[in-house]
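Asker: Have a look at the structure that comes next, please.
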Amino acid sequence: MSGDQEAEALFADFYPRLAGWCRGLVDSDAVAHDIAAEAFTRLWSRWSSVDRPESYLFSVAANLVKDHWRARAREHDAARQVGADRPEHSPAADAGYDVRSLVETLPDRLRVPVLLYYYAGLPVNEIAAALRRRPGTVKSDLHQARQRLRTALRGLHDITN
């Protein structure tokens, strides 16, 4: 199979999975498809130098999702500063009482492995290769992330009760 045929087959087989994964992390279908398309665009520009295209796509998409979350947070802060109306929220929602929001607060070093492992379902070895880390480091990062999330969830539970 030629390089172009291989790339086309990867796109046909993998794009729906990547876009679906992105949709679970962002607030709209359009944004999810934009992120998935951008990830593939970046892959095409490096096609000959990428050993594991699927891992590469997830890593790029995870970074693009992170950028989306940051932009959304900046927009939210700007709207709050100018006094834009905000819909009513429960105390739990105001405290960010959902795991996705808590994952957004993790430092990059911990957030990206969490996204790739729990949201994309990649094995530790693939995550390690994609991030150029040792598998033991990825396992340690996942453990630290779980501990931080557990602590944050306990704190939120105490606030809402």
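Asker: Between a residue in segment 95-109 that is hydrophobic (A, V, I, L, M, F, W, C) and any residue that is exposed (fewer than 14 other Cβ atoms within 10 Å of the Cβ) and at pLDDT below 75, which pairs come within a Cβ distance under 8 Å, given they are 6 or more apart or on different chains?
Answerer: So the pair list comes out as A95/I159; A95/T160.
Asker: Scan segment 112-148 residue by residue and report those that are acidic (D, E) and surrounded by 22 or more Cβ atoms within 10 Å (Cβ to Cβ). Please lay out each step first, then the result.
Answerer: Restricting attention to segment 112-148, the residues satisfying the condition of being acidic (D, E) are 126, 141.
Passing the criteria: only D141.
Asker: Residues in segment 32-46 that are crowded, with 17+ Cβ neighbours inside 10 Å and either of a type in the set (S, T, Y) or at positive phi (or both): how many?
Answerer: Here the count works out to 0.
Asker: List the pairs whose first member sits in segment 1-29 and is farther than 19 Å from Y118 by Cβ, whose second member is part of a helix (DSSP H, G or I) and aromatic (F, W, Y), and whose Cβ atoms are under 8 Å apart, counting only residues at least 6 apart or on separate chains?
Answerer: Filtered contacts from segment 1-29: G3/W47; A7/W44; A7/W47; F11/F40; Y15/F40.
Asker: Further question on the same structure: Using beta carbons and a limit of 7 Å, which pairs, at least six apart or on different chains, have the first residue in segment 38-63 and more than 25 Å from E104 (Cα to Cα) and the second one among the charged types (D, E, K, R) and in a helix (DSSP H, G or I)?
Answerer: If the second residue must be among the charged types (D, E, K, R) and in a helix (DSSP H, G or I), the pairs left are R52/E126.
Asker: Among the residues of segment 1-31, count how many are exposed (fewer than 11 other Cβ atoms within 10 Å of the Cβ) and in a helix (DSSP H, G or I).
Answerer: 6
The values are calculated or read from the model by the stated rules, or taken from the named source; none is laboratory data. All figures in this text were calculated on a predicted structure; none of them were measured in a lab. Every residue, glycine among them, receives a Cβ derived from its backbone with ideal geometry; neighbour counts consider all protein chains shown.
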